[in-house]
């Protein structure tokens with residue numbers, strides 16, 4: 001029988017830090033979309049952080065008569081909340097980097113291409129004891145990165161990934177793999193096996209395999 005490994009208080013604290021960051025990111029996206037949506041009646045800015053900053057500058061400019069006073073007052077409230085959330089996100093990211101560098105395992109994980117402080121700290125906190133898994137395949141199955149099997153009668157039928165396990169950890173792993181794939185596409189001399197695999201499969205499938 002395989003028993004559930006007990007997480008330490010430090011690991012549980014990092015998991016709380018991770019969940020708080022995820023909630024802050026959702027709040028930031030919601031506030032940004034709300035500001036863009038309200039301004040879209042007359043002012044549309046380019047996609048990205050610079051476009052949002054352009055909208056915020058327009059809202060803060062009281063000499064710009066394109067915005068009614070009532071609209072400006074309402075959007076200033078959303079802008080102040082967005083600035084507050086951005087400050088909390090930066091502080092949370094500093095804590096994440098500190099926790100990732102505080103352990104030897106976290107520092108070793110960050111040496112892997114595509115693994116940053118966020119993924120390293122999440123991996124250390126989510127996996128209490130790596131020795132509980134016999135191989136990397138068992139760990140991948142626990143995360144939900146293995147194909148779903150519908151095999152019978154000696155015929156092997158593999159579908160998409162099961163998407164069971166830790167959704168957040170799986171998302172970070174795929175994002176990190178996609179960054180490695182983009183680098184391999186720009187520098188084909190590095191990781192030629194990855195480039196050859198991209199010639200046969202789509203980038204998302206290659207990212208899951210990586």
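A few remarks follow.
- Counting beta carbons within 10 Å around each of 20, 4 and listing the fewest first gives the order 4, 20.
- Spherically averaged projected area of the stretch 1-115 from its Cα convex hull (nm²): 10.8
- Efficiency of FRET from Cβ geometry, residue 22 and residue 71, R₀ 25 Å, rounded to 0.05: 0.20
- Once the chain from residue 205 to residue 60 is taken as fully extended at 0.36 nm per residue, the excess over their C-alpha distance is 47.7 nm.
- FRET efficiency for residue 135 and residue 108, using Cβ-Cβ distance with R0 set to 22 Å, rounded to 0.05: 0.75
- Taking other C-beta atoms within 10 Å as the exposure proxy, 121, 152, 80 rank 152, 80, 121 from fewest upward.
- Fully extending the segment from residue 185 to residue 93 would add 30.2 nm, taking 0.36 nm per residue of separation and subtracting the current Cα-Cα distance.
- With bins 5 Å wide beginning at 0, the percent of Cα pairs of the stretch 127-183 falling in each bin runs 4, 17, 19, 21, 19, 11, 6, 2, 0.
- The alpha carbon centroids of the stretch 146-188 and the stretch 60-132 are separated by 26 Å.
- Ellipsoid semi-axes in whole angstrom, largest first, where each is sqrt(5λ) of the Cα gyration tensor of the chain: 40, 23, 17
- Distance between the modelled labels on residue 33 and residue 149, one decimal in nanometres: 3.9 nm (7 Å Cα→Cβ projection).
- Listed by Cβ neighbour count within 10 Å, with the fewest neighbours leading, 70, 25 appear as 70, 25.
Each value in this text was obtained by applying a stated rule to the coordinates, not by laboratory testing. Predicted, not measured: the structure shown is a model, and the values here were computed from it. When we count neighbours, we look across all protein chains shown, and the Cβ atoms used for this are built from the backbone with ideal geometry, even at glycine.
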